[in-house]
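First comes the structure, then the notes that go with it.
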Amino acid sequence: MTSPANGQDWQQVRARFPVLEHKTYLNSCSYGALAHEVEASLQRYLLARNENGAEWDYWLERNEAVRTSVARLIGVSADEVAVTASVSAGIDSVASALDFSGARNKVVITDFEFPTNAQIWYAQEARGARVIRIRAEDGRIPLEKFERAIDEETLIVATAHVCFRNGARQDIPAIARMARSKGALMLADAYQSLGTIRFDAGEAGVDILVGGMLKYLLGTAGIAFMYVRKELIASLVPTVTGWFAQQDITAMDITRYAPALSARRFEAGTPPVPNTYMAEAGLAILHEIGLDAIEARIRVLTRAIRDAALEANYRLSTPADPEQHAAMMTLDATDDHRLVAELANEDIVVSCRDGRLRIAPHFYNDLADIERLFQALHQHRRLLA
Ligand SMILES: Cc1ncc(COP(=O)(O)O)c(C=O)c1O
């Protein structure tokens, strides 16, 4: 299947991901497939250690290359990007910089959050935060609910771009406008969307954006990032910190705390060196193929999932409108864990949450993968709602 949009030979693209030779891999919402280039990049790190020992200057350049590549991905400047060990580490750092002691101490989250983007805010209750959780209705969160929840007492709105449970995509620019109009900060967790759709953090009007490398960005666990809008950085002084967050890392100063002037102030300790190699290589593939081609390809695949599900009368729990989801589509199941296990026996890799089967293609999947999945699902009809 060659894309008329950019002449991409998708069969060749697919051949770069060895797992696809023996698995129907539709689990990119959990962990992306490993590309040859990403594997080779890690090998280079290991070989160089045997050859040369420690190469700190080169390693730190790799970390900076990741920062620059992430900045390009989300349309911001590298100074606005922190490279972190996880999304949790980024949010922890921002939360530690907020003052909840005044009248503006409300944190607005929703039912769509990944646990870390709720638990960290509940942890701030000990510091005076009041957490308000907006409830979903039939798998959606109407914008009016944000309108009602965000007020002059709101310090920050922290919510997911795409929900990891049902794949629903939220209108982040609209929520960011509401937050800004009330003087509140806006944090978007874009882990489940970046790499599958074009998303410009600056244009979206968010103050803070978090994401990580192990899913659609084709890298690995143990490395993530956080964008913080330039104008905001100086006003946020993290109290969760470390030596790599200082203005001058090489000063080795044990007499004071002097956070970096850039978003690096939200980092902590030694960068995850092997992970930077893999993340850099994964991001390079995304840039090479291009987000427009990737988004178009994923639309074809998710449309095929939607159509096959509707035709078979399966219950799609993701909104059918492509503007309201990204790559992940979910089906209601009667026994989701059993279904995932049965499919795994047939070399079909998917995952589940809350009674839903999560089907998460990436650009390396093709229509034959979707067909194979649905042929298997028809055999396991009793496990679907
Ligand atoms: C929406 C979302 N946020 C955050 C995470 C993970 O956060 P962390 O990097 O802290 O493990 C995930 C998945 O692992 C996710 O799906």
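The values are calculated or read from the model by the stated rules, or taken from the named source; none is laboratory data. Note that the structure is predicted; figures quoted are calculated from it, not measured. Counting neighbours? That spans all protein chains shown, and the Cβs are built from the backbone with ideal geometry, glycine included. Side chains are part of the model used for accessible areas, which takes the heavy atoms of the whole protein and leaves out ligands, DNA and RNA. Shrake-Rupley method; radii C 1.70, N 1.55, O 1.52, S 1.80 Å.
Show the residue pairs meeting these rules: Cβ distance below 7 Å; 6+ apart or different chains; first residue within the range 22-38 and touching a residue at least 24 places away in the same chain (Cβ under 8 Å); second residue open to solvent by 20 Å² or more (accessible area, probe 1.4 Å) and aromatic (F, W, Y).
Correct list of pairs: A33/Y25.
Specify which of the listed residues (V240, V206, V210) is part of a loop (DSSP other than H, G, I, E, B), in contact (Cβ under 8 Å) with a residue 12 or more places away in the chain and open to solvent by less than 10 Å² (accessible area, probe 1.4 Å).
V206
Just for the range 28-42: of the residues that are within 16 Å of the ligand (Cβ to nearest atom) and open to solvent by 20 Å² or more (accessible area, probe 1.4 Å), which one is farthest from M329 (Cα to Cα)?
Y31
In the range 339-385, how many residues are among the β-branched types (V, I, T), open to solvent by 20 Å² or more (accessible area, probe 1.4 Å) and not in a helix (DSSP H, G or I)?
Qualifying residue count for the region: 1.
Which of the residues that make up the range 257-274 are in a loop (DSSP other than H, G, I, E, B) and surrounded by 19 or more Cβ atoms within 10 Å (Cβ to Cβ)?
Once the filter is applied, which keeps residues that are in a loop (DSSP other than H, G, I, E, B) and surrounded by 19 or more Cβ atoms within 10 Å (Cβ to Cβ), the range 257-274 yields A260, S262, E267, A268, P271, P272.
Say whether the condition of being of a type outside the set (K, R) and outside any helix (DSSP H, G or I) is met by at least one residue in the range 291-303.
No, there is no match, as no residue in the range 291-303 is of a type outside the set (K, R) and outside any helix (DSSP H, G or I).
Considering the range 313-330 alone, what residues qualify as being assigned to a strand (DSSP E or B) and under 21 Å from the mean Cα position of the chain (by Cα)?
H325, M329, T330
Please give the number of the condition L310 fails out of (1) part of a helix (DSSP H, G or I); (2) under 29 Å from R229 (Cα atoms).
(2)
Can you tell me which residues in the range 160-181 are within 22 Å of R130 (Cβ to Cβ) and either modelled with pLDDT under 95 or open to solvent by less than 10 Å² (accessible area, probe 1.4 Å) (or both)?
A160, I175, A176, A179
Considering only residues that are open to solvent by 30 Å² or more (accessible area, probe 1.4 Å) and either among the hydrophobic types (A, V, I, L, M, F, W, C) or part of a loop (DSSP other than H, G, I, E, B) (or both), which ones fall in the range 216-237?
Answer for the range 216-237, where residues must be open to solvent by 30 Å² or more (accessible area, probe 1.4 Å) and either among the hydrophobic types (A, V, I, L, M, F, W, C) or part of a loop (DSSP other than H, G, I, E, B) (or both): A221, G222, R229, A234, S235, V237.
Within the bounds of the range 43-66, is there any residue that is of a type outside the set (A, V, I, L, M) and within 16 Å of the ligand (Cβ to nearest atom)?
no
What's the total number of residues in the range 292-338 that are in contact (Cβ under 8 Å) with a residue 24 or more places away in the chain and open to solvent by 40 Å² or more (accessible area, probe 1.4 Å)?
Matching residues across the range 292-338 total 10.
Can you find a residue that is polar (S, T, N, Q) and within 16 Å of the ligand (Cβ to nearest atom) anywhere in the range 89-101?
yes
Just checking, which of R180, R165, R198 is under 18 Å from the mean Cα position of the chain (by Cα), closer than 24 Å to D92 by Cα and not small (G, A, S)?
Testing whether each residue is under 18 Å from the mean Cα position of the chain (by Cα), closer than 24 Å to D92 by Cα and not small (G, A, S) leaves just R165.
Just a yes or no: is a residue in the range 160-179 within 12 Å of the ligand (Cβ to nearest atom) and among the β-branched types (V, I, T)?
yes
Taking A224, is it more than 15 Å from the ligand (Cβ to nearest atom) and within 29 Å of A360 (Cβ to Cβ)?
Criteria not met by A224.
Consider the range 134-173. How many of its residues are assigned to a loop (DSSP other than H, G, I, E, B) and over 20 Å from I208 (Cα atoms)?
9
With more than 15 Å from the ligand (Cβ to nearest atom), within 30 Å of I285 (Cβ to Cβ) and either free of Cβ contacts under 8 Å to residues at least 12 places away in the same chain or surrounded by fewer than 21 Cβ atoms within 10 Å (Cβ to Cβ) (or both) as the only criterion, which of A126, A78 stands out?
The conditions single out A78.
Does the range 182-201 include one or more residues that are in a helix (DSSP H, G or I) and either modelled with pLDDT under 95 or more than 16 Å from the ligand (Cβ to nearest atom) (or both)?
No.
Each row is one residue, and each column tells you yes or no for (1) over 19 Å from the mean Cα position of the chain (by Cα); (2) in a loop (DSSP other than H, G, I, E, B); (3) among the polar types (S, T, N, Q); (4) modelled with pLDDT of 95 or more.
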{"position": "A103", "(1), (2), (3), (4)": "yes, yes, no, yes"}
{"position": "V107", "(1), (2), (3), (4)": "yes, no, no, yes"}
{"position": "E113", "(1), (2), (3), (4)": "no, yes, no, yes"}
{"position": "N117", "(1), (2), (3), (4)": "no, no, yes, yes"}
{"position": "Y122", "(1), (2), (3), (4)": "yes, no, no, yes"}
{"position": "E125", "(1), (2), (3), (4)": "yes, no, no, yes"}
{"position": "V131", "(1), (2), (3), (4)": "yes, no, no, yes"}
